[in-house]
Amino acid sequence: MQNSKLDNKLFIKLPEGVSVNLLPAGIAIRTCAYLYDFAIRLALMLILSLCFKFLGTAGEGLILISFFLISWGYYIIFEAKTGTTPGKKKFHLQVIQDNGLPASLSQIITRNLLRPADAFPFAYCLGIFTMAFNKHFKRIGDWASGTMVVHVKVANKEYDFTEQQAYVPQFQLSTEEQQVVIAFAERAPELSEPRQAELANILQKQLAEKDVHAAEKLKKMARFYIGQGI
Amino acid sequence: MKQSQFVKLNQSRWQNFEDLCSSDNKQALPANFGQLYRQICNDLAIARSRHYSPSLIDKLNVFVATGQKHLYQGEKASMTSLYSLFKQNFMASLYLNRYYLWIALLAFYGLALVVYLWVLISPDAVYHFLDVQSLNQIEQMYDPAGKVQQDERGADSNVLMFGVYIYNNIGIAFQMFGGGALFGFGALLPLLFNSFYFGAVSAHIVHLGYQETFFSFVITHGSFELTAIAVAGAAGCKIGFNLLNPGQYSRGFAVKQAGKAVLPLIVGAFIMLMLAAVIEAFWSPLDIPNIFKYVVGTLCWLYVIRIFYRGTRYGH
């Protein structure tokens, strides 16, 4: 299960002897984050240019300086502080090093100064092209600085089994099969009842039950495997 | 051990660890944080090897991921750390990238000189490089009897020009650095374009006989500005060249190494261009006898040449 080829989870070995898994963020969600940041930058530029407009000729100079700071500095300043920008934060993304640690200042600068290459010839075409061809979804800037963008995972609540009684199955299941049963019980709250029944019906012969009852029985079995209510 | 037993046994320790790592915790981490973190790592390894449920493994995995961020967090980014990156590494990286720098400087100044001589010998050649409209503008700017030179330039238009120089010049330098990743073309083409432009314009001005106003204006900031453009070009070219020719490394690793090696150069170019923008906006247009500008300009050139000689020869 750990090394399944179904998803693009990365397992990064730590010096502590375990590996931690990370989920690189794909093109769609990063585009959303980019557009969100773009809107913020646009709004900032509009507000600043309205403010500086009243300062006459010197104001025009200040507008240009603020344009420069916003177009080049926005990402560097935000990512250097927390590893995210407002847009990335909104979509729960974070910039980290290849080894899973927070990215350093020099890496942040490199990855953001290389945006012109990714933006070539327009609308980040080359960057998207590069991202599509590697499993870490790295754009050119990420390659050159040794960073990647990952989903920030929030620890999800453990499924509470205590409502149901345990059921001791009359047949033997291997460890992997037991894990599948437990995973089913944990995922059950996300699934609709007909879907639960549909999945449980695969085992209807072994469980000697059908539809909702089969699903309930499976959850009770999960409770037994996990060691509750014995 | 069944999963629920394992959870019950360690629950309070995990809760404690989660509280320490949460963003609400403003206090310093305890001295035994490393030990706590390694225990969590151990728990994750046990949970995986005992095939506990995916959600428990996920939860411990999040603990480990946030824990390592707290334990191994790097330097806090600030302007001072950016400056120290420049101060500590700029000279050394001049030495490490000396071949790229020599080639970029030679290409920039060499080709500018070639174009300069060419336009000087046959003045019509300037139209190969610039169109009539921008030439007219430049002529008006440096005409000693013209409006631009005769009018008093106020403090507010100095600020405007400062903004223009920051936005344009530093923007170009960053574009060259970034564009370098396109196999070096994004750096090389702007480098050559700027070199031709500079050579052609200077020769054209000399041909018109406006050299006094032109050279007294550009000599001081030119030292930093022109050299910084060449430095940004060299930095971009190195990334592009390493992408083309990674040697014994993988392409990804070679580009990563190049990015690390040239970063102090681009920070150096940024600082030089900032300096040049200040000089160009507030010193160069001053209405003082030209001899002062020539003296200060020559000192600036000598300083830049000294830095680059020492950097590319000795690295300190």
Original post:
Quick check: is even one residue across the stretch B:256-268 among the aliphatic types (A, V, I, L, M), modelled with pLDDT of 90 or more and over 23 Å from residue A:76 (Cβ atoms)?
Top reply: no
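Which is touching a helix residue (DSSP H, G or I) at 6+ places or on another chain (Cβ under 7 Å), buried (at least 19 other Cβ atoms within 10 Å of the Cβ) and without any contact (Cβ under 8 Å) to a residue 60 or more places away in the chain, of B:146, B:199, B:178?
Details: B:146 fails: buried (at least 19 other Cβ atoms within 10 Å of the Cβ); B:199 fails: without any contact (Cβ under 8 Å) to a residue 60 or more places away in the chain.
Of the residues listed, the single one that is touching a helix residue (DSSP H, G or I) at 6+ places or on another chain (Cβ under 7 Å), buried (at least 19 other Cβ atoms within 10 Å of the Cβ) and without any contact (Cβ under 8 Å) to a residue 60 or more places away in the chain is B:178.
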**OP:** Give B:215, B:224 a once-over and let me know the one that is under 18 Å from the mean Cα position of the chain (by Cα), in a helix (DSSP H, G or I) and either within 24 Å of residue B:312 (Cα to Cα) or more than 12 Å from chain A (Cβ to nearest Cβ) (or both).
**Re:** B:224
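Is one or more of the residues making up the stretch A:73-89 facing chain B (nearest Cβ under 9 Å), at pLDDT 90 or above and either more than 18 Å from residue A:34 (Cβ to Cβ) or surrounded by fewer than 21 Cβ atoms within 10 Å (Cβ to Cβ) (or both)?
At the first step, the residues of the stretch A:73-89 found to be facing chain B (nearest Cβ under 9 Å) are A:76-77, A:79-81, A:83.
Subsequent filtering for residues that are at pLDDT 90 or above retains A:76-77, A:79.
Applying the additional criterion that residues be either more than 18 Å from residue A:34 (Cβ to Cβ) or surrounded by fewer than 21 Cβ atoms within 10 Å (Cβ to Cβ) (or both) yields A:76-77.
Yes, the stretch A:73-89 has at least one match.
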**OP:** Sort out which residues of the stretch A:165-179 are surrounded by 15 or more Cβ atoms within 10 Å (Cβ to Cβ) and at the interface with another protein chain (Cβ under 10 Å from one of its Cβ atoms), and write them in order of number.
**Re:** A:178, A:179
Original post:
For residue A:29, all conditions in the list (1) within 12 Å of another protein chain (Cβ to nearest Cβ); (2) assigned to a helix (DSSP H, G or I); (3) among the β-branched types (Val, Ile, Thr) hold save one; what is the number of the exception?
Top reply: (1)
Original post:
How many residues does the stretch B:97-117 contain that are surrounded by fewer than 18 Cβ atoms within 10 Å (Cβ to Cβ), among the aromatic types (Phe, Trp, Tyr) and in contact (Cβ under 8 Å) with a residue 40 or more places away in the chain?
Top reply: 2
Subject >> Which listed residue, of A:188, A:197, A:117, is at the interface with another protein chain (Cβ under 10 Å from one of its Cβ atoms) and over 19 Å from residue A:29 (Cβ atoms) >> reply: A:117
**OP:** Tell me, yes or no, whether the stretch A:129-138 has at least one residue that is modelled with pLDDT under 90, surrounded by fewer than 22 Cβ atoms within 10 Å (Cβ to Cβ) and facing another protein chain (nearest Cβ under 9 Å).
**Re:** yes
Original post:
Which one is surrounded by the fewest Cβ atoms within 10 Å (Cβ to Cβ) among residues in the stretch B:72-86 that are modelled with pLDDT of 70 or more and more than 7 Å from every other protein chain (Cβ to nearest Cβ)?
Top reply: B:79
**OP:** Exactly one condition in (1) outside any helix (DSSP H, G or I); (2) of a type in the set (A, V, I, L, M); (3) farther than 30 Å from residue A:107 by Cβ is not met by residue B:159; state its number.
**Re:** (1)
**OP:** Within the stretch B:138-187, track down each residue that is within 7 Å of chain A (Cβ to nearest Cβ) and of a type in the set (D, E, K, R).
**Re:** B:156
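The values are calculated or read from the model by the stated rules, or taken from the named source; none is laboratory data. Worth saying up front: this structure is predicted, and the values here are computed from it rather than measured. All Cβ positions, glycine included, derive from the backbone under ideal geometry; neighbour counts span all protein chains shown.
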